[in-house]
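The values are calculated or read from the model by the stated rules, or taken from the named source; none is laboratory data. Predicted, not measured: the structure shown is a model, and the values here were computed from it. Note: ideal-geometry Cβ built from the backbone for every residue, glycine included; neighbour counts use all protein chains shown. Keep in mind that these areas ignore ligands, DNA and RNA; they rest on the heavy atoms of the full protein, side chains included. Shrake-Rupley method; radii C 1.70, N 1.55, O 1.52, S 1.80 Å.
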Amino acid sequence: MERIQDHPILGRKTLREPISFIFNGKPMAGYRGEPIAAALLAAGVRTLRKHEESGNSRGLYCAIGHCMECRLSVKGKGIVRSCLTPLEDGMKVFEGQQLPNEITGRLLP
Amino acid sequence: MKSKRQQSDLIIVGAGPAGLAAAAAAAENGLSVTIIDEFPEPGGRMLGQFHEERGHWWVGKRIADELIEKNRAQGVLIRCGVSVYGMLKVDDMWEVSTSHGTMLAPRVLLATGAAEIPMPANGWTLPGVMSIGAAQVMTNVHYVKPGKRGIIVGVNVLAMAIARELSVSGVSLASIVLPPSGPFAGKAALPKENLQLLMSLSHLAPSPILRFGGKIANALGLAGIVSSLFPRSGIKLWDIPLKLRTKVVSINGTDRVESVTLADVNGQGEIIAGSEREEAVDFVALAGGLYPLAELASIAGCPFIYTPELGGHLPLHSERMKTPVEGLYVAGNITGVESALVAMAQGQLAATSICSDAGIFGHNGESKVAAAIEEVHRVRASALIQFHPGIPEARRKIYRMWQETFGAGV
């Protein structure tokens, strides 16, 4: 999605450092310190995880850490809320994965 | 988890308008203060808020920056990116469990703000469906547009204020429509109730609300508030069609939002057969309103009361922002959903209360608290954006209940 460079009311963001990171093995660009979810949205990535049981695609919902919908994995950090976790240079980010459900054995559509 | 323990006179949870105002005031009176917030930067929701007021823009970010500067100058420790997950009173000390270790203080102020009420709709788990606050944060805080073209579902003060922000920020919006009816939406899905709500806001001159309130009044004439008179094509608010006779039926797409199905409704909110049609959008902002974010008060053992005018279940507190739990205070939207200015005044009041209880003001404590209470009343009375009619009366009810339960002057 489009980034706003010069916000009509709030102006420009000062001193943003462009960095690169990896999402699902693919190199991507973002700014240091912005939330992972914002960098991914700017890159057009809406799906942040597959639902643990159904495997359906899920994205961010509240963007301020309340709803937990945007959880994904970051190498070295484990599962994080991508809306609150600042992007770092070279970060390896993976979308949340569907989990095996041999224990419940539930069949989902 | 690291196990370092840090002690202050006061821990404040939440670096929004209430927390920042309280911290600056408490530190000014000599308390050592630590503010904790899980968002990466301080300012709370003020960071993304702006509205037009008497011909100029009120910009929350600027107010936040001033408050943050004041706090830095007073030596307040602001710890961002830190989540609080537990609170335990051991002797006279609160042990606050955080993602970065335990922090200690004899007094804790909860200024955690509000959260959005989720509003389920068919297809709402598709990527691209978000709360309206998320659209605001992505656009105004992170400078990333939520999509190419979206639709707002739900008509309330928050939806209107953010719709205006998004349109000013260059985000394309197809329209604002009613939520699907059902147990979750309740009256929010009925055209007449929404129209009445908007009309009731129109006296709030010269707020952004006035402009659309007035427009609606013009569109309807003074003939009366009858939803069937509301034009089916909607009326335009800042180029966004507000459609009070249209509701969303479903949100469609395979792995992301591709469209919404809309339908016209009659005055009772029932779908008019054959009126269903699809509209192409790539994001949907659901606006269900706000409720006080109060889990920590519950963990700390504070009793709750249900006050719909203030957003639902909230921690019982006195007019001086004290809870029945010794050493636990509240301020801002956790005590009821109101504007940032009211939250700041409440933060000031809570800090005054805390300093008074800590004996810092000597015999002047009560008069200082009384003055801070007066200031909250003054700010509330002059607030341009009211989230709910009947806030002052609802608050009086809570304080009466407090006095009846705990005796006067607590």
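In nanometres, what is the gap between the two model label sites at B:His100 and B:Glu374, each 7 Å from Cα along Cα-to-Cβ?
Reported label-point gap for B:His100 and B:Glu374 is 4.0 nm.
Hey, any idea what the orientation-averaged projected area of the convex hull of the protein assembly as shown's Cα atoms comes to, in nm²?
Values: hull surface 103.3 nm².
Directional mean of the projected Cα hull area for the protein assembly as shown stands at 25.8 nm².
Ranking request for peptides B:377-383, A:32-38: highest mean number of other beta-carbon atoms within 10 Å first, then the rest in descending order. Please list the in-between numbers first.
Working: B:377-383: 13.9, A:32-38: 22.7.
Output ranking for B:377-383, A:32-38: A:32-38, B:377-383.
Identify the GluC sites (Glu not before Pro) of segment B:298-370 meeting these criteria: DSSP loop state and at most 15 other C-beta atoms within 10 Å of the C-beta.
When the GluC sites (Glu not before Pro) of segment B:298-370 are filtered for loop state and at most 15 Cβ neighbours within 10 Å, B:Glu326 remain.
Within segment A:1-106, report the GluC sites (Glu not before Pro) that DSSP leaves as loop and that have at most 12 other Cβ atoms within 10 Å. Each step should come with its number before you reach the end.
On the way: sites: A:Glu2, A:Glu52, A:Glu53, A:Glu69, A:Glu88, A:Glu95, A:Glu102; in loops: A:Glu2, A:Glu52, A:Glu53, A:Glu69, A:Glu88, A:Glu95, A:Glu102.
Within segment A:1-106, the qualifying GluC sites (Glu not before Pro) (loop, at most 12 other Cβ atoms within 10 Å) are A:Glu102.
Mind listing which chymotrypsin sites (Phe, Trp or Tyr not before Pro) in segment B:1-84 are in a DSSP loop and have 11 or fewer other Cβ atoms within 10 Å?
Working: sites: B:Phe50, B:Trp57, B:Trp58; in loops: none.
Listed in order of number, the matching sites amount to none.
How large is the helix-only mean residue ellipticity at 222 nm for the protein assembly as shown, computed as the sum of -39500 (n - 2.57) over DSSP H runs with n ≥ 4, divided by its residue count, in deg cm²/dmol to the nearest 500?
Numbers: 11 runs with 130 residues, N = 519.
The per-residue figure over the protein assembly as shown is -7500 deg cm²/dmol.
Beyond 23 Å, what percent of the Cα pairs of chain A remain? List each step's numbers first, then the result.
Details: 1894 of 5886 pairs.
Value for chain A: 32 percent of Cα pairs lie more than 23 Å apart.
Take the Cβ-Cβ distance between A:Ala29 and B:Cys80 as r, set R0 to 22 Å, and report the resulting FRET efficiency rounded to the nearest 0.05. Show your work: numbers first, answer last.
Working: r = 24 Å, r/R0 = 1.11.
Working from the Cβ atoms, E equals 0.35.
Counting protein heavy atoms only and a 1.4 angstrom probe, how many square angstrom of accessible surface do chains B and A bury in total, to the nearest 100? Intermediate results must be reported in sequence, preceding the final value.
Numbers: alone 17510 and 7400 Å², together 21670 Å².
Buried area between the two chains comes out at roughly 3200 Å².
Across segment B:336-347, in residue order, what do the Karplus-derived ³J(HN,Hα) couplings come to in whole Hz, using 6.51 cos²θ - 1.76 cosθ + 1.60 with θ = phi - 60° and x for Gly and Pro?
With the stated coefficients, segment B:336-347 comes to x, 7, 9, 7, 4, 5, 5, 4, 5, 5, 5, x Hz.
Given segment A:17-95, what count of lysine pairs have C-alpha atoms under 16 Å apart, with each pair 8 or more places apart or on different chains? Write out the running numbers ahead of the final one.
Values: A:Lys26/A:Lys75; A:Lys26/A:Lys92; A:Lys75/A:Lys92; A:Lys77/A:Lys92.
Taking the Cα cut-off of 16 Å, the pair count is 4.
Grab the other residues whose beta carbon is less than 14 angstrom from that of B:Ile68, score K and R as +1, D and E as -1, and report the net. Display every interim value, and only then the final one.
On the way: positive: B:Lys61, B:Arg62, B:Lys70, B:Arg72, B:Arg79; negative: B:Asp37, B:Glu41, B:Asp65, B:Glu66, B:Glu69.
After counting each charged neighbour, the total is 0.
Which percent of the accessible heavy-atom area of segment A:17-95 goes to carbon and sulfur, probe 1.4 angstrom? It would help to have the intermediate numbers written out before the result.
On the way: 1670 of 3130 Å².
Summing carbon and sulfur atoms, their accessible area is 53 percent of the total for segment A:17-95.
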